[in-house]
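Down below is the structure, laid out as structure tokens.
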Amino acid sequence: MSSETYEVIVVGGGIAGCFAAATAASKGADVVQLERKPRERGGHIACGDAMKSPNKPKMYPGPIDMGAIEDDADALIDWNIDQIEWWDEEVDVRKVIPYDGHSNVIDRYVFGQRLLEQTADFGVDQHFDTVVNDVTQNGRVTGVEAVRKGEPVRYESQVLIDGAGAQSILQDLIEFENLDTGGETTFEMPHYTHFGSAYREIVETEEPVDYQNAIVGKPLEEMGYIWYFPRTPTTINVGLGFQMTKGPIPLNDRLRQDMERRPEFDDAKIAEIFGEKDKLGSSIALRRPLDSMVAPGYLAAGGAAGMTHPISGKGIRGAAISGYSAGKTAAKAVADGDVSEYGLWDHNRYIFDHDEGPKLASRDAYNVAASSINPNILRAVAAMLPEEEIKTIVGTETDIETLKGKALVGLGVAKNLISEYRGGTFEALGITKSELYEAVIGVRKTQGFVEEYDEHYEHYPDDRARFEDWLSRRNRIDQRFYDALELSGDDRKY
Ligand SMILES: Cc1cc2nc3c(=O)[nH]c(=O)nc-3n(C[C@H](O)[C@H](O)[C@H](O)COP(=O)(O)OP(=O)(O)OC[C@H]3O[C@@H](n4cnc5c(N)ncnc54)[C@H](O)[C@@H]3O)c2cc1C
């Protein structure tokens, strides 16, 4: 087996991988990026392709030039999205939530290709057609074994950055308990129930759709949701996702069943790419960011680190932020000669110092609460909640901070409650008054815990030494939350 040595290995040519590799190289590290796909297919990834604020440096930090992406009409298409719509067609509910600052449904493939090109420009060696199938370790992670264009290769490194996406194989291969940490390893191994499976098609319609300026979400059975995200008025990213806590669902068939009921898709065709139909599925992290994303010689970023919004499944921004952080931390640890948990801790610290980490972590409480109740009750609650409150639950920007704002939301609940009662929504969903009342109390209690989690994550420890204390206090919040919502068994997610 041939052998190659680099200071930093990055596995994955997705968003986290590119942000990590470009950042580490820009800070002077000698970096190789390994991607299993061929060069021309890099960046072709299952995604709803909805992306906000590409021009905000805080959301996409580091040396990748997002301005160039923003100016690239092939990647960004158009700033076409200015609202989110929530449809529950069976009970005639349609909520329209303004999307401040506009958003995009991007061409994810072109975007991915541009990221790979920019990463190469920083001097990163990119090895495509390279499937990583083992990890080497000796007290710390020391590298990987891979098959590159059919030939086995060993790569050695001081730091391995895991940008291999949700359910990363690297995490199954590493024996974390055998790494040299001088005690318990801090790295949190995710459980398979913390993931969802999702599938999407790029569909071309004959006529422009009438929701061309909106990203549309609809509820499905078993806590699933379906989306219509228009890239242009006639090119729609249509997809759906379910949590893995539920039994297997044939995603393709379920999507067809939905689209057959929509007239705009009557003569629609699936777009083609590489001479094939453009349809893809993948797993997706639907949990809070990992408690610790570091181990000796190893850092996780993006989907591999749980940096996805636990309700909406949006993970482009989280992958960029955590990829940047991993690359920056790896380069510094190599330069300092300390790749221990202590030396790599800056990665955890950056994530939870940044607004995104605490927001993603705290929003997971809504996911935990929602997973424990009957989906029809959830639909009734969604029908009743005012638009502003839904925005706060699914967004990462908090809109209702003031007392006045909260009072207005309360009034909105009452108004919607009356109108949905009159409209027969709750009757159609088979929901009793007391079930609805209990669910609303559950939402209110959860909101209190969301605020508590948010604050606790904002005080994430600056160094490794205080981690256990922080974690045990976080675990106590979990217990109080579960008890307050009377959750038991598998409903207790962590
Ligand atoms: C169907 C679906 C819809 C989504 N919709 C949205 C959305 O609308 N907006 C949004 O912001 N987010 C969305 N997400 C989430 C978002 O796509 C992910 O959070 C994001 O892609 C994570 O980026 P990543 O770089 O961590 O991983 P990925 O994008 O998954 O990249 C991982 C890369 O690693 C490579 N790789 C994996 N294993 C190996 C190996 N063993 N050897 C070599 N290479 C390997 C893969 O080929 C891949 O290129 C969606 C996800 C799914 C599945």
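The values are calculated or read from the model by the stated rules, or taken from the named source; none is laboratory data. Nothing here was measured: the structure is a model prediction, and the numbers come from that model. Don't worry about glycine lacking a Cβ; one is built from the backbone with ideal geometry, like all the others, and counts go over all protein chains shown.
Residues of segment 455-466 that are assigned to a helix (DSSP H, G or I), within 24 Å of the chain's Cα centre (by Cα) and crowded, with 18+ Cβ neighbours inside 10 Å: H456, Y457. Specify the residue that is farthest from W87 (Cα to Cα); the eligible residues are those in segment 211-237 that are of a type outside the set (A, V, I, L, M), part of a loop (DSSP other than H, G, I, E, B) and in contact with a helix residue (DSSP H, G or I) (Cβ under 8 Å, 6 or more places away or on another chain). This residue is E222.
Out of the helices (runs of 4 or more DSSP H) lying entirely within segment 365-445, which hold 3 or more residues that are within 29 Å of D478 (Cα to Cα) and at pLDDT below 80? So the answer is 375-384, 387-394, 403-423. Put simply, of E40, E85, E35, E89 the only residue that is in the same structural domain as G337 (by TED's automatic domain parsing), charged (D, E, K, R) and away from the ligand (no atom under 11 Å from the Cβ) is E40. Taken over segment 285-325, the residue count meeting the criterion of being closer than 20 Å to P219 by Cα and among the charged types (D, E, K, R) is 2. Scanning segment 305-330 for residues that are farther than 15 Å from A198 by Cβ, out of contact with any Gly (no Cβ under 6 Å at 6 or more places or on another chain) and either aliphatic (A, V, I, L, M) or assigned by TED's automatic domain parsing to the domain that holds P250 (or both) yields A305, A320, I321, A326, A330. For segment 64-82, check the following and say yes or no: at least one residue is among the polar types (S, T, N, Q) and either within 21 Å of the chain's Cα centre (by Cα) or more than 22 Å from I97 (Cα to Cα) (or both). No, segment 64-82 contains no residue that is among the polar types (S, T, N, Q) and either within 21 Å of the chain's Cα centre (by Cα) or more than 22 Å from I97 (Cα to Cα) (or both). Residues that are within 12 Å of the ligand (Cβ to nearest atom) and either of a type in the set (D, E) or in contact with a Leu (Cβ under 9 Å, 6 or more places away or on another chain) (or both) within segment 294-310 comprise A300, A304, A305, G306, M307, T308, H309, P310, listed in sequence order. Mind listing just one residue for me: the one in segment 146-182 that is under 22 Å from G323 (Cα atoms) and over 27 Å from the mean Cα position of the chain (by Cα) and, of those, farthest from the ligand (Cβ to nearest atom)? Checked segment 146-182; the qualifying residue farthest from the ligand (Cβ to nearest atom) is Q158. Of the residues making up segment 235-274, those that are buried (at least 19 other Cβ atoms within 10 Å of the Cβ), within 16 Å of the ligand (Cβ to nearest atom) and small (G, A, S) number 2. More than 20 Å from N104 (Cα to Cα) and more than 12 Å from the ligand (Cβ to nearest atom): is that true of G327 in this structure? For G327, the condition - more than 20 Å from N104 (Cα to Cα) and more than 12 Å from the ligand (Cβ to nearest atom) - is met. Give the residue that is farthest from the chain's Cα centre (by Cα), with candidates limited to residues of segment 108-144 that are in a helix (DSSP H, G or I) and among the β-branched types (V, I, T). Step by step, filter segment 108-144, then rank; the result is T119.
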